[in-house]
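Okay, structure first, notes after.
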Amino acid sequence: MTSVAVVGVGAVGSMALWRLSERGIPAVGFDAYAPGHDRGAAGGESRIFRTAYKEGPAYVPLLRQARDLWEELERRCGRRLLTPVGGVTVGPREHPSIRAVLDSARACDLPVEVLTGQDARERVPEHPLRDGEVMVADPEAGHLRPEPAVVAAAAAAEQAGARIARYTPVTEVREDAAGVTVVTAEGEQRFTHAVLAPGPWARTLLPHEPIVAKAITSTWFPRRDESLFDPGRCPIAIRVGEPAYSCFPSVDGAGVKVNLHVPWREIDSPESLARSVPAAYVRQVARAVAATLPGLRPDPVRVATYADAFTPDGHGLLGRRGRTVVAAAFSGHGFKLAPVFGDIVADLVESGATTRGIGHLAPDRPLRRSP
């Protein structure tokens, strides 16, 4: 009889545990902390959901399926996790990322709009355009609540029969012809299959992969006008060019989150994640806010860090090797896709294959750094 160890109960691991248990497949999740903790890749209060995907049209069918599964999880847990307020990409008209968003939308027949001038000012006053800039509006975008989502998926999995070993870090996973052995401080357990979804701990369990862990910093800024950045109306935004950042509505009313897009610093592991942030970085974000977000006061009221794992080409690893399914290193943009990745993991455990298009995520592909 099939039995599965899911190593890591973060974004993808919690969803995999949920989808496996929904199919009646016995599964145990192992986590160094507990679902919803603040050291993994699911931190930061809010995350972006978007379908006009500059990372490539191969993601769009997966995003559509992920949206359906987000709605299913919302029905299961009885609370909103995805708020569909739309999204905009802002930047110079000929910027490669603007072109990539439009190319993805055309390839997949997505209903995006290109806004300029008065249309942009009226629709999205929070993000005024500068000379030569355009705004690409994606009506199917929105914002997600990461920590509640992980907790909800883990709870749904347990309700369906899964078990979660909290505060139980896995030190080794050994595979042989008959199954896999999971080693923790409490001893060894045997399963027929394993799922490796270790988030920023990927280097520990996948030491031969070219994966690095990085620290991602979020900053929150107070609003000058409480009518702006309303979480029920204001779209999520990605600014490209200089400066470049992601910006979210004021989800909890205390501040507007801005994630500056800069080369994030590498860390040895989430255990070494520094919680303090250099003042020079805070000044850099403040300058970006002062230059492009007049509706915010340019001194942050909150700063926080979390960690994620990255591959050289910026695309994750999702596929099966023997009795082990690898679901790791989604490079800062995997959270929105977590439910469908979890469902694909269940496919791979159950039948060894999936009908979903994940060739661009194959663990055995040649990994090259993106230009």
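Return a yes/no flag: does segment 188-196 have any residue that is at pLDDT below 95 and either among the charged types (D, E, K, R) or in contact with a His (Cβ under 7 Å, 6 or more places away or on another chain) (or both).
No - not one qualifying residue is present in segment 188-196.
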Breaking point among (1) among the small types (Gly, Ala, Ser); (2) within 22 Å of ARG50 (Cα to Cα); (3) open to solvent by 10 Å² or more (accessible area, probe 1.4 Å), for GLY253: (2)
Residues within segment 23-44 that are in contact (Cβ under 8 Å) with a residue 40 or more places away in the chain, open to solvent by less than 50 Å² (accessible area, probe 1.4 Å), in a loop (DSSP other than H, G, I, E, B) and farther than 19 Å from TRP264 by Cα, tallied: 6
Strands (runs of 3 or more DSSP E) wholly inside segment 156-270 that include at least 2 residues being out of contact with any Leu (no Cβ under 7 Å at 6 or more places or on another chain) and within 30 Å of ILE25 (Cβ to Cβ): 163-165, 170-175, 180-184, 187-191, 193-196
Residue that is most open to solvent (accessible area, probe 1.4 Å), among those in segment 164-181 that are touching a residue at least 60 places away in the same chain (Cβ under 8 Å) and more than 15 Å from PRO207 (Cβ to Cβ): TYR167
Candidates PRO298, PRO366 - the one that is open to solvent by 20 Å² or more (accessible area, probe 1.4 Å), at pLDDT below 95 and either farther than 23 Å from MET15 by Cβ or touching a Cys at 6+ places or on another chain (Cβ under 7 Å) (or both): PRO366
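Scan segment 200-211 for residues that are open to solvent by 40 Å² or more (accessible area, probe 1.4 Å) and touching an Asp or Glu at 6+ places or on another chain (Cβ under 6 Å) and jot them down.
The answer is none; no residue qualifies.
Give the number of residues within segment 221-239 that are over 18 Å from GLY142 (Cβ atoms) and surrounded by 21 or more Cβ atoms within 10 Å (Cβ to Cβ).
Initial filter on segment 221-239 (over 18 Å from GLY142 (Cβ atoms)): 221-227.
In the following step, the residues that additionally are surrounded by 21 or more Cβ atoms within 10 Å (Cβ to Cβ) were identified as 221.
Looking only at that region, the number is 1.
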In segment 319-330, the residues that are within 15 Å of GLU350 (Cβ to Cβ) and open to solvent by less than 20 Å² (accessible area, probe 1.4 Å): GLY319, THR324, VAL325, ALA327
Strands (runs of 3 or more DSSP E) contained entirely in segment 276-371, each with at least 1 residues that are over 25 Å from LYS257 (Cβ atoms): 317-321, 324-328
Test for ARG93: is it without any contact (Cβ under 8 Å) to a residue 12 or more places away in the chain, among the basic types (Lys, Arg) and open to solvent by 40 Å² or more (accessible area, probe 1.4 Å): no
Residue match in segment 344-357 (condition: in contact (Cβ under 8 Å) with a residue 40 or more places away in the chain, closer than 14 Å to VAL60 by Cα and under 20 Å from the mean Cα position of the chain (by Cα)): yes
Set ALA215, ALA244: member being surrounded by fewer than 20 Cβ atoms within 10 Å (Cβ to Cβ), in contact with a His (Cβ under 7 Å, 6 or more places away or on another chain), under 30 Å from HIS95 (Cα atoms) and not polar (S, T, N, Q): ALA244
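The values are calculated or read from the model by the stated rules, or taken from the named source; none is laboratory data. The structure presented is a predicted model; accordingly, all values stated were derived computationally and were not measured. A quick note on method: Cβ atoms are made from the backbone with ideal geometry, for glycine too, and the neighbour counts reach across all protein chains shown. Quick note on the areas: whole protein, heavy atoms, side chains included, nothing else; ligands and nucleic acids left out. Shrake-Rupley method; radii C 1.70, N 1.55, O 1.52, S 1.80 Å.
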